[in-house]
Amino acid sequence: MKNKILDGIHGLLPEEKTVPGAKKLRATYNMIPGAPLLRREFGFYCLERWKEQGMPQDVPLENLFSYDPQGNRGLGQLGWCEAQFFPIFEDKVIEDRGECEVVQDYAGRHVLFFKGRRSGYMPEYIDHPVKDWKTWEQNVKWRLNPGTPERIKAIADSIPKAIGAAKEGYIITQNLIGGFMFLRSLIGPGELLFMFYDTPDLIHDCMKTWFNLADSVIARHQKHVTIDEIYFAEDICYNHGPLVSPDMMKEFLTPYYQQLVSNLKKRQIDNERHLYVQIDTDGFADPVIPVYTEKIRMDVMSPFEVASGCDVVRTGREYPNLVMSGGMDKRILAKSKKDIDEMVERIIPPLRERGGYIPTIDHGVPEETPYENYLHYRKRCIELGG
C-alpha cells in the first residue's frame with residue numbers, strides 16, 4: 001500500500017529498526033527454515049535450590065543462560081488463569097483447620113493452604129463462586145462489567161507503554177483467559193462437566209459475558225495499536241486428552257472465539273497484518289489441534305507436555321504450519337547429561353530445519369533439576385539451535 005506509515009502501528013516497522021528480540025520472534029512465527037532458534041524458558045521452580053548449588057546471585061538469568069531479549073509485549077487486562085474481576089473478591093481466612101486454613105482468594109474460590117505458606121506447592125481448591133444462576137448473577141457477573149471505571153482507568157494507564165512497544169517493533173500480544181479456563185475458574189473442573197449438561201443456558205451466559213468483556217477491552221486497545229497476536233490461556237487437556245469432546249467445544253467455546261477473532265481483525269489499524277492465534281493448554285493436546293486449527297486458524301501452540309504423550313517432533317510432521325513452543329521433557333533434566341543429550345539431539349535438529357519452534361521445558365524447570373544439568377541443557381540448546 002502506497003504511503004503506508006511504517007511505525008509499528010499503521011504498518012510493520014522495518015526490520016532494521018525492530019528490536020532484536022522481536023526480529024527473532026517474528027522469524028520463528030514466519031517459520032523460516034534453519035533460522036536460529038529463539039532462546040527463552042517457560043519458568044522456574046528451582047531457583048532457591050540453585051542458589052545453594054552455586055548459581056551466581058549477581059548475574060541476571062538472561063545473561064547466565066544466554067536468553068534472547070523479550071520479543072513481545074502483552075496488553076493484559078483480561079486475566080490468565082482466572083478472570084479479571086473489578087472489583088476482586090476479598091482475600092480472607094474463612095476457616096481454621098489447625099495446620100491449614102481455608103482462604104477465600106481474589107477469584108472467589110475457597111482454597112486450602114498450609115498456614116503461613118501459600119506458594120511452592122499445588123493448593124487444594126475446595127469451592128468455587130458459581131454454583132447456579134443466583135450465585136452467578138449476585139456474586140460474579142457484575143464483576144465482569146467492561147465499563148467499570150477502575151477497569152477503564154487500568155486500560156488507559158497501560159496504553160502509553162503499548163504504543164511505545166509497538167513503535168519499537170515488539171509483537172503486541174493480547175493475553176486473555178480462554179473460555180474453558182474461565183469456566184473452570186468460576187465453577188470448578190468437576191462441577192463444570194455436569195453443568196454443560198444440566199444448565200447449558202447458564203454456561204452460554206457465562207461465555208457471552210466472557211466475550212463481551214474481552215471484545216470491549218480489546219476494542220479499547222485497538223484504538224491505539226495493531227494487535228499481532230491473541231493468546232488464549234486454555235488448559236482444556238489433561239493427561240489423556242481434552243476434558244470435553246470436540247463437539248462440546250464447538251457448541252460452548254469456539255463460536256465465541258470465532259466472533260472475538262473476527263471482530264478483532266475487522267478493527268485492526270493495520271488491516272493487512274496477519275493476526276497470530278496462540279493456544280496454551282497443558283496435557284495431551286493432540287485431539288484439540290484440529291479443532292482450533294479449523295475453527296480459529298490457530299498458528300501457535302504450547303507447551304506440549306511430554307509426560308502426557310505430546311511429542312513436538314511428531315506434531316511438527318503432522319502439522320507443518322504449526323508454530324510450537326515447549327516439548328522438552330522436564331523430567332529428563334533430573335537424569336544424566338547423556339539423557340539430556342539424547343533428548344535435545346532428537347528434537348532440535350529436525351525442528352530447526354523445519355522452522356517455527358521454540359525449545360522450552362514443557363512446564364517450567366522443576367525443583368529437583370541440578371543446576372549443572374540445566375547449564376548443560378542450555379549449552380546443548382545453543383549448540384544445536386544456533
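No value in this document is a laboratory result; all are computed from the given coordinates. Just so it is clear, the model here is predicted, and its values are computed rather than measured. Backbone-built Cβ (ideal geometry, glycine too); neighbour counts: all protein chains shown.
Couple of notes before you dig in:
- Kirkwood-Stokes translational diffusion coefficient of segment 228-270, alpha-carbon pairs, 20 °C, 1.002 mPa s, µm²/s: 176 µm²/s
- For segment 82-97, putting each phi into the Karplus relation 6.51 cos²θ - 1.76 cosθ + 1.60 with θ = phi - 60° gives couplings of 9, 5, 8, 7, 9, x, 6, 6, 5, 7, 8, 7, 10, 7, 9, 10 Hz, in residue order, rounded to whole numbers and with x for Gly and Pro.
- When the Gaussian network model of the chain links Cα atoms closer than 10 Å, the mean-square fluctuations of Arg273, Arg26, Arg49 top out at Arg49.
- Arranged from fewest to most other beta-carbon atoms within 10 Å of their beta carbon, Ile187, Ile88, Ile340 become Ile88, Ile340, Ile187.
- The ranking of Arg40, Arg354 by Cβ neighbour count inside 10 Å, starting from the fewest, reads Arg354, Arg40.
- Efficiency of FRET between Glu318 and Arg49 - r from beta-carbon atoms, R0 35 angstrom, step 0.05: 0.40
- Paired Rg and Dmax values of the chain, which use every Cα atom, in angstrom: 21.5, 71
- Annotation: the antiparallel percentage among DSSP beta bridges lying fully within the chain is about 40.
- Reach of Lys337 by Cα under 16 Å, taken over lysines that are not fewer than 8 positions away in the same chain: Lys379
- Taking amide H as placed 1.01 Å from N in the peptide plane, the amide H of Gly74 sits under 5 Å from that of Thr173, each at least 5 places away or on another chain.
- With each label modelled as a point 7 angstrom along the Cα→C-beta vector, the Ala156-Ser336 pair spans 6.4 nm.
- Restricted to Cα atoms, segment 73-214 shows a radius of gyration and a Dmax of 17.1, 54 angstrom.
- q = 0.10, 0.19 Å⁻¹: log10 I(q)/I(0) that the Debye formula gives for segment 183-308, counting C-alpha atoms only: -0.34, -1.13
- Rounded, prolate or oblate (a/c below 1.5 giving rounded, otherwise prolate when a/b exceeds b/c) for segment 281-326 by Cα gyration tensor: prolate
- FRET efficiency estimate (nearest 0.05) - Cβ-Cβ, Lys266 to Tyr67, R0 30 angstrom: 0.25
- In the chain, Cα pairs under 8 Å separated by at least six residues give a relative contact order of 22 percent.
- Protection proxy ranking, highest mean first, for peptides 356-363, 101-108: 356-363, 101-108, where packing is the per-residue count of other beta-carbon atoms within 10 Å, averaged.
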